[in-house]
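The values are calculated or read from the model by the stated rules, or taken from the named source; none is laboratory data. Because the structure is predicted, anything quoted here is derived from the model rather than measured. Positions of Cβ are generated from backbone atoms using ideal geometry, with glycine treated the same way; all protein chains shown enter the neighbour counts.
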Amino acid sequence: MTHTINRRTALTALGAAGAALATGIRPAAAQSTELSFWTWRQEDRTQYAELFGMFTRDNPGIRFAFQGFEPQNYGTALSTALAAGRGPDVIHIRAYGGLEQFSKAGYLEPLSPQTVPELANYTPSALASVTDRSDRKPYAVPFASQTLGIFYNRDVLSRNGVQPPETWDQLIAACKALKDKGVIPLANGMATAFMAEIFTAALTLPLHGKAFNDDLVAGKATFEDPRYVGALAKLLELREYMPPGFTGIDYPTMQQLFLSGRAAMFVGGSFEIANFRRQNANLPMEFMAPPAPTAGAPRLVPVFYDGGYAVNAKSDKKEAALKLIRFFSTPAFGNKFTELLGNISPIAGVRIADPMLARVAELNKTSGDHITLVHFRYQSPTGSELLTAGVQKLMGGSATPAQVAKEVTDGIATYHAPFRRG
Amino acid sequence: MLQNDLGRKLWIAALLAPALVIVLLFVIVPIASAFLYAFYSWRGLARADFIGLENFRLVLFGEPFGTWTFNALRNNLIVFTSLMVVQNGTAFLIAFVLLKSLPGHRFHQVAIFLPVILSSVIVGAMWKLFLNPFFGLVNQGLIAVGLQSWAQPWLGQPQTALGSIIFVNAWHWVGFPALLFLAGMQRISKDVIDAARLDGAGDMALMRHVIWPLVAPATTVVVILTFIGSMNWFEMPFVMAGIDGTPAGATDVLGLYFYRTAFGSATGGLQDFGRASALAVLMFLVIAIVSVFWTRALRRRELPE
């Protein structure tokens, strides 16, 4: 008996020692690097868990700490953390001027084809969105392209005998027909500043055309160009087809008007697709390009890149972080990202299975820059700030298109020489 | 004896030290660093070169920043004067009525103070819904009683947006000055009021010639607190109109403008700690100087105890 007990005790002791050894060994073998990731997309937590899962399958030693922030406060939280020498290892960062203010301060690790060979998977315009213009180095890998256009409710349109409009005149005729039937033609309001800019960008690009964009960027034209002023003036025709009291209609209200079927159309960006589906999976919605000025003219869609994934220059886990950035640039990630998050990944060779996203990708072939965001968001006052306030005044009836154009031009002229008069 | 005195002084110093350290660390140092930051240019979020008064020049006279600053300051002053009249005027009347101890005055005292204990964010969000031009209670109510033409996009037009937020602020805070005035009125000796009544003073005369001068200490506190609150106004316009002072700067105040300049905005505003610090310094100076002078002037009105 004693003998048995002794043996059993010995076995137990051995087992315990083995277990201790095993637990002791496990962290050592796993290296247990924890990469922190900050984003303003707090609603994407589960999808990111799956995306990170793809990475950790091949890199079992790396774990993730996902932290989501309220979009309004993300910049504040990130900049204060980085200024204090902390912040996450991998940063979800906004594009263009939003990236530059972080890269200029030296907070982001510059990327190169040596450290991230997968940079070759992006188009030049996608890379430009995450490149600091002063040293021409990319500081992030872009994560999604966004397209502006018009959502419409298929059922509401067909029930009222209205075809999706292809030209501006057809849009006005469709709006009139819908209004006569008691439907709100356009859900859009002006009370949320950034949506005023999106509304303007989406509808004016086909009206003023790509040649104006090129002239503007080349310094050969200003916003006071008759092509732009003319396009702004056209927006006024839509006022009577927007919801009653549209100057006070904010972003959540316009979304609800469209989602509930009370409004037939919603001028917005492809970033709404996933969100709209989440809120009303049965919504018979379609996405189309904004109307052309005349039949046969191109229906240009404004396109921009949302932001990218960057590495904190002060991170002590740079190697692991760069490994993740490289993974974030592979078609395998792009496919999964597009599938899970309903946004179009800008990585070359990405398969888009979703029919609506595939249509958006198709529309992107006839696109132009979202001009104020892509080219005039680098210095204060930004084109976006100026245009937003201007359009709110324009649609509210307290400024003319020419006055708005002048305000935007004069504001940008304070730092942009080609806009200065004489 | 001398040694005892020294020991006492040391003891007092030791007692004061922790508080002094906290004030130094969390009040003096941040204010001083804001002063310092205002004299530098910023490369993105990192401090760059010393540029003297350039940030102050930009904030006050550079276009369009100067226009934005003075627009915001003007709105702050509108907020202050409107709150003085609407919020504090009403508060004074409420206090006067409560003083009369009419039946149910205890209930009303609590009811009027109730909104004060609610969070500004909740009050702002709730009233934003009430004022929604489409679903909102206010417009729906007006339409229901046949006043369609009165239904407005309250927060969407420059003529009504700031006024609406001021109204909500007054609704939220009116209980606080009312309580201060009431406390001031209750301190007035009953004999004084009885004497005035015997001399044949009606309610109006009593209020103008007896109560108003005698609640001067409460008035001083209310005026100064309203001034500081109005100059630092942030939560209510932020919740109800957003960081951009929508529509087109009609609800922009220095607090929002400072925050937007320091931390950027979703509308594409970039961060600039230099200009933001200059704004903060100017706000601090305006509030400090005006408050000090005003307190002195108002104190002179007060009767010696």
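In the set A:Leu300, A:Leu257, A:Leu232, which member is of a type in the set (A, V, I, L, M) and under 28 Å from B:Ile143 (Cβ atoms)?
Only one candidate qualifies: A:Leu257.
Can you name the residue in the stretch A:149-163 that is farther than 26 Å from A:His370 by Cα and either not assigned by TED's automatic domain parsing to the domain that holds A:Phe199 or not polar (S, T, N, Q) (or both) and, of all such residues, is nearest to the chain's Cα centre (by Cα)? Walk me through how you get there before you give the answer.
From the stretch A:149-163, those farther than 26 Å from A:His370 by Cα are A:154-163; that's our starting set.
From what's left, either not assigned by TED's automatic domain parsing to the domain that holds A:Phe199 or not polar (S, T, N, Q) (or both): A:154-157, A:159, A:161-162.
Details: A:Arg154: 25, A:Asp155: 28, A:Val156: 28, A:Leu157: 28, A:Arg159: 33, A:Gly161: 34, A:Val162: 31 Å.
Residue satisfying both the conditions and the ranking: A:Arg154.
Looking only at the stretch A:368-377, count every residue that is over 13 Å from A:Thr409 (Cα atoms) and at the interface with another protein chain (Cβ under 8 Å from one of its Cβ atoms) and tell me the total.
2
Any chance the stretch A:243-257 includes a residue that's in the same structural domain as A:Val391 (by TED's automatic domain parsing), out of contact with any Gly (no Cβ under 8 Å at 6 or more places or on another chain) and over 26 Å from A:Asp44 (Cβ atoms)?
Yes: the stretch A:243-257 contains one or more residues that are in the same structural domain as A:Val391 (by TED's automatic domain parsing), out of contact with any Gly (no Cβ under 8 Å at 6 or more places or on another chain) and over 26 Å from A:Asp44 (Cβ atoms).
Which of (1) among the charged types (D, E, K, R); (2) closer than 24 Å to A:Phe194 by Cα; (3) within 13 Å of another protein chain (Cβ to nearest Cβ); (4) in contact (Cβ under 8 Å) with a residue 40 or more places away in the chain is the odd one out, the single condition A:Arg133 does not satisfy?
(2)
From the list A:Thr76, A:Thr33, A:Thr39, which one is out of contact with any Asp or Glu (no Cβ under 6 Å at 6 or more places or on another chain) and without any contact (Cβ under 8 Å) to a residue 40 or more places away in the chain? Spell out the reasoning first.
Values: A:Thr33 fails: without any contact (Cβ under 8 Å) to a residue 40 or more places away in the chain; A:Thr39 fails: without any contact (Cβ under 8 Å) to a residue 40 or more places away in the chain.
Going through A:Thr76, A:Thr33, A:Thr39 in turn, the sole match is A:Thr76.
When only residues in the stretch B:239-262 that are facing chain A (nearest Cβ under 9 Å) and part of a helix (DSSP H, G or I) count, which is farthest from A:Ile412 (Cα to Cα)?
B:Ala241
A:Leu340: over 20 Å from the mean Cα position of the chain (by Cα), in a helix (DSSP H, G or I) and more than 14 Å from chain B (Cβ to nearest Cβ), yes or no?
no
Residue by residue through the stretch A:225-280, note down the ones that are crowded, with 18+ Cβ neighbours inside 10 Å and of a type in the set (Asp, Glu).
A:Asp250, A:Glu272
Tell me which of these A:Leu216 doesn't satisfy, since it passes every other one: (1) in contact (Cβ under 8 Å) with a residue 60 or more places away in the chain; (2) over 18 Å from A:Ile150 (Cα atoms); (3) surrounded by fewer than 22 Cβ atoms within 10 Å (Cβ to Cβ).
Against the list (1) in contact (Cβ under 8 Å) with a residue 60 or more places away in the chain; (2) over 18 Å from A:Ile150 (Cα atoms); (3) surrounded by fewer than 22 Cβ atoms within 10 Å (Cβ to Cβ), A:Leu216 comes up short only on (3).
In the stretch A:311-320, is there at least one residue being at pLDDT 95 or above, touching a Pro at 6+ places or on another chain (Cβ under 7 Å) and closer than 28 Å to A:Pro124 by Cβ?
Scanning the stretch A:311-320 turns up at least one residue that is at pLDDT 95 or above, touching a Pro at 6+ places or on another chain (Cβ under 7 Å) and closer than 28 Å to A:Pro124 by Cβ.
Tally time: how many residues in the stretch B:22-68 are more than 10 Å from chain A (Cβ to nearest Cβ), under 21 Å from A:Gln101 (Cα atoms) and assigned to a loop (DSSP other than H, G, I, E, B)?
Qualifying residue count, the stretch B:22-68: 3.
Which condition number in (1) crowded, with 21+ Cβ neighbours inside 10 Å; (2) in a helix (DSSP H, G or I); (3) without any contact (Cβ under 8 Å) to a residue 60 or more places away in the chain is the one that B:Ser265 fails?
(2)
Whether any residue in the stretch A:367-378 is outside any helix (DSSP H, G or I), out of contact with any helix residue (DSSP H, G or I) (no Cβ under 8 Å at 6 or more places or on another chain) and farther than 22 Å from A:Asp44 by Cβ is what I want to check.
Taking the stretch A:367-378 as the starting set, the residues that turn out to be outside any helix (DSSP H, G or I) are A:367-370, A:376-378.
Of the ones still in play, those that are also out of contact with any helix residue (DSSP H, G or I) (no Cβ under 8 Å at 6 or more places or on another chain) are A:367.
From what is left, the residues that are farther than 22 Å from A:Asp44 by Cβ are A:367.
Looking through the stretch A:367-378, at least one residue is outside any helix (DSSP H, G or I), out of contact with any helix residue (DSSP H, G or I) (no Cβ under 8 Å at 6 or more places or on another chain) and farther than 22 Å from A:Asp44 by Cβ.
If B:Val292 meets every condition in (1) within 11 Å of chain A (Cβ to nearest Cβ); (2) part of a helix (DSSP H, G or I) apart from one, which number is that one?
(1)
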